[in-house]
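Data first, discussion second: the structure below is written as structure tokens.
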Amino acid sequence: MQEAIILVGGKGTRLRPLTNHTPKPLLSVAGSSFIRHQIAKLMDAGVEHVVFATSYLASLFEEEFKDFSQDLAISYAVEEVPLGTGGAIRNAGRLLRGDDPDAPVLILNGDILSGVDLRALLERHETQDADVTLHLTRVLDPRAFGLVPTDEDGRVLSFLEKPKTAAEIVTDQINAGCYVFRRSVLDAIPADREVSVEQETFPQLVAGGGRVFGHTTQEYWRDLGTPLAFVHGSADLVSGRATSPLVDGPSEALIHPTAVIDPTARVTGGSTIGAHAVIGAHVVVDRSIIGAHVTVAEGAQVHESVVDHDSTIGEESLLREVVVGCHSHVGAQNELPAQLRLSCGIRIPAQGVRVSGTAVACPTVH
């Protein structure tokens with residue numbers, strides 16, 4: 001039986017306010033919760049049992065999959081205290097059903113959108129008789145990441161901290177957040193304390209002569225941890241730059257059948273429009289996510305932004321790289337600057353926030 005663990009315990013603080021009420025892996029991406037895209041990919045790779053390593057709002061994962069009837073068994077390992085990546089893996093490992101110490105266990109981070117071929121990763125692990133195989137990806141600018149150099153056979157040489165100087169950039173390979181563990185190696189991780197796989201488990205294996213290999217690819221890869229990356233990941237799935245078994249081919253937009261789109265509106269760039277949303281006349285929605293029961297009024301423009309459910313965007317307002325929390329109201333003719341995040345339930349009056357000035361008279365008597 002092929003088994004897997006998905007690490008979904010993080011609080012997703014960089015995606016607030018979207019994650020104030022929803023764990024990051026349960027946020028909607030290209031029409032489905034992100035974790036459902038991962039589940040579909042695992043099933044395509046032959047996985048029969050998956051364990052969710054949960055912590056934050058853990059009960060919502062069971063709620064999400066309570067009616068899941070496909071041919072996949074799901075278990076839930078709740079992390080009561082912070083255990084780090086290694087501790088979370090070990091804690092979830094208690095619920096694995098196989099008992100073969102050499103069996104491979106797939107492990108995915110719950111916030112990585114990746115095009116890696118999981119069957120090829122498992123085959124690489126078996127061919128190398130590895131203790132651990134890491135999916136590595138190449139990035140143009142590795143300064144924001146820890147580096148993972150390998151030898152000519154792909155054997156990992158070390159795990160390096162983020163480089164501070166050009167001389168420290170010895171490779172463009174980074175950990176892509178997907179691994180295969182030999183079951184016995186997973187079971188050896190301490191279960192009673194916080195453990196980091198990158199800072200403790202992997203370096204100790206390498207130092208002790210363990211067989212740790214990298215599987216380096218240049219497939220699509222994106223960490224969905226920030227609002228802009230989250231929006232782009234969703235748009236890439238819709239437009240076909242990234243793939244998922246749950247998305248039917250590339251398109252300009254993914255529009256829920258119950259949404260109402262005015263004929264003069266333009267929805268482009270891989271945008272997603274949720275259930276019962278209303279998109280008004282001459283609206284532009286580009287490379288954005290519009291949640292369920294959202295109304296975008298006439299002439300508004302929404303670019304590379306997320307508008308969470310049950311919110312309204314007023315006439316001729318402009319949003320660019322903005323996150324609007326649920327149940328919020330942005331009045332008419334607002335211009336919201338990039339990187340702005342509106343908390344859930346916020347109300348902005350007409351022309352309350354503008355980058356450019358207006359000729360509207362001041363209502364205050366001077």
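The values are calculated or read from the model by the stated rules, or taken from the named source; none is laboratory data. Just so we're clear, the structure is a prediction, and the values are computed from it rather than from any experiment. Don't worry about glycine lacking a Cβ; one is built from the backbone with ideal geometry, like all the others, and counts go over all protein chains shown.
The table below lists the values:
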read-out: Some residue of the stretch 206-215 being assigned by TED's automatic domain parsing to the domain that holds T13 and in a helix (DSSP H, G or I); value: yes
read-out: Given (1) in a loop (DSSP other than H, G, I, E, B); (2) in contact with a Leu (Cβ under 6 Å, 6 or more places away or on another chain), number of the condition R222 does not satisfy; value: (1)
read-out: Residue in the stretch 138-168 that is farthest from V212 (Cα to Cα), counting only those that are part of a loop (DSSP other than H, G, I, E, B) and in contact with a Leu (Cβ under 7 Å, 6 or more places away or on another chain); value: P163
read-out: Neighbours by Cβ (under 9 Å, 6+ apart or cross-chain): first from the stretch 246-264, assigned to a loop (DSSP other than H, G, I, E, B); second of a type in the set (S, T, Y); value: L246/S32; V247/S32; P250/S239; S251/S239; E252/S239; E252/T268; E252/S271; H256/T272
read-out: Candidates V231, V212, V238, V197 - the one that is surrounded by 22 or more Cβ atoms within 10 Å (Cβ to Cβ) and over 24 Å from the mean Cα position of the chain (by Cα); value: V212
read-out: Which listed residue is at pLDDT 95 or above and of a type outside the set (D, E, K, R), from T243, T272; value: T272
read-out: Residue selected from the stretch 1-19 under the condition assigned to a loop (DSSP other than H, G, I, E, B) and in contact with a helix residue (DSSP H, G or I) (Cβ under 6 Å, 6 or more places away or on another chain), by the criterion surrounded by the fewest Cβ atoms within 10 Å (Cβ to Cβ); value: G12
read-out: Residue within the stretch 12-24 that is hydrophobic (A, V, I, L, M, F, W, C) and touching a residue at least 60 places away in the same chain (Cβ under 8 Å) present; value: yes
read-out: The stretch 277-286, residues that are surrounded by fewer than 22 Cβ atoms within 10 Å (Cβ to Cβ) and either under 23 Å from the mean Cα position of the chain (by Cα) or among the aromatic types (F, W, Y) (or both); value: D286
read-out: Positions within the stretch 268-322 being of a type in the set (S, T, Y) and in contact (Cβ under 8 Å) with a residue 24 or more places away in the chain, in sequence order; value: S271, T272, S288, S305
read-out: Residue selected from the stretch 20-29 under the condition assigned to a loop (DSSP other than H, G, I, E, B) and either surrounded by fewer than 24 Cβ atoms within 10 Å (Cβ to Cβ) or of a type in the set (S, T, Y) (or both), by the criterion nearest to the chain's Cα centre (by Cα); value: L27
read-out: Tally of residues being assigned to a helix (DSSP H, G or I), farther than 24 Å from G84 by Cβ and either free of Cβ contacts under 8 Å to residues at least 24 places away in the same chain or not charged (D, E, K, R) (or both) across the stretch 40-55; value: 2
read-out: Residue match in the stretch 57-64 (condition: assigned to a loop (DSSP other than H, G, I, E, B), polar (S, T, N, Q) and within 21 Å of K11 (Cα to Cα)); value: no
read-out: Cβ-Cβ under 7 Å pairs, at least 6 apart or on other chains, the stretch 337-354 side at positive phi, far side loosely packed, with under 15 Cβ neighbours inside 10 Å; value: Q351/T358; Q351/V360
read-out: Conditions (1) at pLDDT 90 or above; (2) in the same structural domain as P101 (by TED's automatic domain parsing); (3) not aromatic (F, W, Y): number failed by V231; value: (2)
read-out: Condition check for V81: modelled with pLDDT under 90, of a type in the set (V, I, T) and either surrounded by fewer than 21 Cβ atoms within 10 Å (Cβ to Cβ) or assigned by TED's automatic domain parsing to the domain that holds V197 (or both); value: yes
read-out: Boolean, A207 is over 18 Å from the mean Cα position of the chain (by Cα), surrounded by fewer than 20 Cβ atoms within 10 Å (Cβ to Cβ) and of a type in the set (A, V, I, L, M, F, W, C); value: yes
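Every residue, every condition in (1) part of a loop (DSSP other than H, G, I, E, B); (2) among the hydrophobic types (A, V, I, L, M, F, W, C); (3) in contact with a Lys or Arg (Cβ under 9 Å, 6 or more places away or on another chain), yes or no:
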position	(1), (2), (3)
G299	yes, no, no
E316	yes, no, no
C326	yes, yes, no
Q333	yes, no, yes
G345	yes, no, no
V353	yes, yes, no
S356	yes, no, no
